1. When 1/r is averaged over all different Cα pairs and the result inverted, which Kirkwood radius in Å belongs to segment 192-329?
2. Need one value: the accessible area of Glu570 in square angstrom, 1.4 angstrom probe, rounded to the nearest 10.
3. Could you grab the Rg to Rh ratio for segment 1-90? Cα atoms only, Kirkwood for Rh.
4. Just need log10 I(q)/I(0) for segment 405-516 at q = 0.10, 0.14 Å⁻¹, Debye formula, equal scatterers on the alpha-carbon atoms, no solvent, rounded to two decimals.
5. Any idea what the alpha-carbon Rg over 2.2 N^0.38 Å comes to for segment 181-260?
6. Name the long-range amide H neighbours of Arg404: under 5 Å, sequence gap of 5 or more, or other chain; modelled H, no Pro or chain starts.
7. What is the gain in length, in nm to one decimal, between Leu377 and Glu469 on full extension, counting 0.36 nm per residue of separation less the C-alpha to C-alpha distance?
8. Order the peptides 114-127, 186-199, 288-301, 444-457 from the highest to the lowest mean number of other Cβ atoms within 10 Å of their residues.
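The values are calculated or read from the model by the stated rules, or taken from the named source; none is laboratory data. Because the structure is a prediction, the values reported are computed rather than measured. For neighbour counting, all protein chains shown are included, and Cβ atoms are generated from backbone atoms with ideal geometry for every residue, glycine included. Quick note on the areas: whole protein, heavy atoms, side chains included, nothing else; ligands and nucleic acids left out. Shrake-Rupley method; radii C 1.70, N 1.55, O 1.52, S 1.80 Å.
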Amino acid sequence: MSIPDHQLELLSPARTADIGIEAIKHGADAIYIGGPSFGARATADNSVQDIARLVRHAHRYNSRIFVTLNTILRDDELEPARKLAWQLYDAGVDALIIQDMGLLEIDLPPIQLHASTQTDIRTPEKARFLQDAGLSQIVLARELTLQQIQAIRAAIDPARCTLEFFVHGALCVAYSGQCYISHAHTGRSANRGDCSQACRLPYHVQDSQGRFIAHDKHVLSMKDNNQSANLAALVDAGIRSFKIEGRYKDLAYVKNITAHYRRLFDELLGQRPELTRASSGQTTFTFTPDPDQNFNREFTDYFVQGRKEDIGAFDTPKNPGRHLGYVSKVGPDFVELTVSEPGAVLHNGDGLCYYDLQKELVGLAINRAEPAGPMSLDQWRVYPKDPIAGLKDLRKGTELNRNRDMNWVRMLEKNSSERRIGVWVRLEESPAGYSLLLTDEDGHTGRASVATAKAPAQNPAQAETMLREQLNRFGATLFDPFDITLALSQPWFIPASTLNTLRRDAVAALEAARLAAYERPPRARPVDPPAPYPEDTLSYLANVFNEKARAFYAKHGVKVIAAAYESHEEQGEVSLMITKHCVRFSLSLCPKQAKGVTGVQGTVRAEPLTLVNGKEKLTLRFDCKPCEMHVVGKMKKSVLNQAARETEIVPLKFYRTRPARAPH
């Protein structure tokens with residue numbers, strides 16, 4: 001069973017349990033976090049004990065916790081992964097996010113399973129298959145358009161499977177799960193959580209005749225994803241879980257971006273009464289969320305509204321920041337600047353940056369900032385941390401951006417939100433004394449009673465005011481009163497200590513009732529007989545790395561199954577990356593762009609290009625029918641040699657020969 005189709009889920013990342021707790025506090029309906037191993041972010045691990053602590057906090061708000069178990073696994077890793085899955089289940093985790101289909105063939109606990117973005121879901125056929133195989137929530141490829149999402153939605157059963165989509169954060173240029181450059185060049189596998197991020201490097205681009213088309217451009221580096229303007233359209237297309245990228249990101253990022261989307265979704269829910277949020281409570285913030293304040297490579301909505309020319313961050317993979325002003329004077333140890341918005345304030349510790357004459361981003365950290373004059377509102381003098389002589393091409397007229405605002409950083413280091421669950425409060429009298437009934441927005445109740453003698457109030461009007469004031473004081477609890485009802489036969493004087501005891505005990509009873517009522521989502525059953533896989537042949541692109549995964553696909557009708565690239569059987573040139581991004585298109589060299597252009601039509605062909613970074617060379621080939629680019633190369637001998645040495649020390653158990661083709 002998936003989340004109900006009328007619910008919208010805001011899914012936030014957490015590098016640590018403490019960041020996860022803050023994400024919930026800032027409005028997340030669900031959190032995804034890495035466990036102690038087998039997560040696709042190798043350095044974002046957490047102990048089972050910490051995850052259990054996060055689970056306890058999340059379930060108070062009906063928020064859910066998903067743990068990533070989404071690397072491909074060797075045969076000898078399946079048993080440790082199985083044990084970890086059971087530990088996470090016992091810790092209360094709601095779902096596991098997986099890539100390796102071998103996990104479906106072992107003894108997992110009855111925990112819900114979600115398909116990782118690494119499973120590369122781009123077609124209705126694959127989405128339907130994963131639903132029928134028992135996956136309750138599937139993360140669609142980032143490259144899909146609204147029309148493609150709608151087609152997938154039409155192919156699945158929303159009562160059985162929820163569609164999830166990335167709405168914010170860093171973009172992998174490759175189809176997820178379809179990038180092997182890191183492993184080919186360094187032995188570090190992206191499918192095993194250890195990507196070296198070759199896509200963020202600068203490259204020379206050469207044509208088939210060796211001519212340079214671009215020099216030192218980050219032509220595989222994408223801007224950051226931002227679907228803020230497309231949320232309603234994505235809801236209409238069928239998305240119900242909206243995912244923020246960022247399991248490596250810091251606390252300030254998670255607070256700010258979660259709050260930003262919480263506000264947008266609350267506005268949307270206010271306009272769409274047929275929809276509701278997937279967890280409980282309302283969140284208020286002490287700041288105004290602003291995605292521009294966090295590290296970003298500028299923003300794109302990628303392919304959701306169709307192919308666009310400005311999706312790349314080709315000049316720099318760093319954070320260019322937002323415009324601040326212009327240099328007015330360069331001194332021996334200071335820089336004076338004119339800010340474009342009078343009243344803008346600079347702070348010690350701020351980070352500034354600018355582009356040099358080669359369009360490389362240069363950072364300028366401020367040691368000290370002060371107004372340039374006593375009456376100046378737009379002139380500032382800053383003393384950089386580094387010597388002026390080392391700041392290349394910094395001169396009068398240079399545009400400066402700010403990419404770190406210390407005032408913003410310090411603000412988010414403090415408590416910046418509250419999340420409260422609404423309750424109706426009813427004070428009643430009983431034969432022995434008084435009772436307090438709390439009913440929360442989800443229909444749960446908590447009651448407390450106290451035996452005490454009743455005394456009439458000397459000042460009835462003042463007594464009622466005092467009772468309401470005392471009963472309204474829910475302090476640091478989860479709850480916030482919607483309404484207070486005094487069901488009393490006459491105004492009574494009730495001491496504050498008695499009311500405090502009633503409120504404390506009723507809150508404890510209500511929290512216990514909420515906890516007892518919480519139900520983890522059930523594990524979906526695969527259809528029987530097993531659904532056929534959409535293809536009968538799998539290449540290394542299917543990432544089959546163990547015998548259980550091979551058995552899974554064979555059970556679902558696949559006849560020929562190749563081993564994963566990490567098994568080192570593909571030693572010649574292959575596609576090391578498949579991507580919807582097209583370098584030819586971005587450099588205005590696409591044959592489709594030339595159609596109808598007088599004097600150009602027919603002269604531009606999709607011939608291969610070459611990427612060069614130092615001694616590294618990669619070939620770009622273009623498949624124009626599906627509008628895709630392949631980055632072609634082969635595995636380095638050093639990687640093969642290192643793998644051979646490791647195999648001698650710890651023999652690997654995955655199969656090393658391809659299954660024979662079934663006889664016709």
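1. Values: mean 1/r = 0.0552 Å⁻¹.
Final number for the Kirkwood radius of segment 192-329 is 18.1 Å.
2. Near enough 30 Å² of accessible area.
3. Numbers: Rg = 13.5 Å, Rh = 13.6 Å.
When Rh is taken as the Kirkwood radius, the ratio is 0.99.
4. So the normalised log intensities work out to -0.35, -0.60.
5. On the way: Rg = 18.0 Å, N = 80, 2.2 N^0.38 = 11.6 Å.
Relative to the 2.2 N^0.38 Å estimate, segment 181-260 comes out at 1.55.
6. Amide H neighbours of Arg404, under 5 Å, 5+ apart: Gly351.
7. Details: separation 92, 0.36 × 92 = 33.12 nm, distance 4.61 nm.
Net length gain for the segment: 28.5 nm.
8. Numbers: 114-127: 22.7, 186-199: 20.6, 288-301: 18.3, 444-457: 14.7.
Output ranking for 114-127, 186-199, 288-301, 444-457: 114-127, 186-199, 288-301, 444-457.
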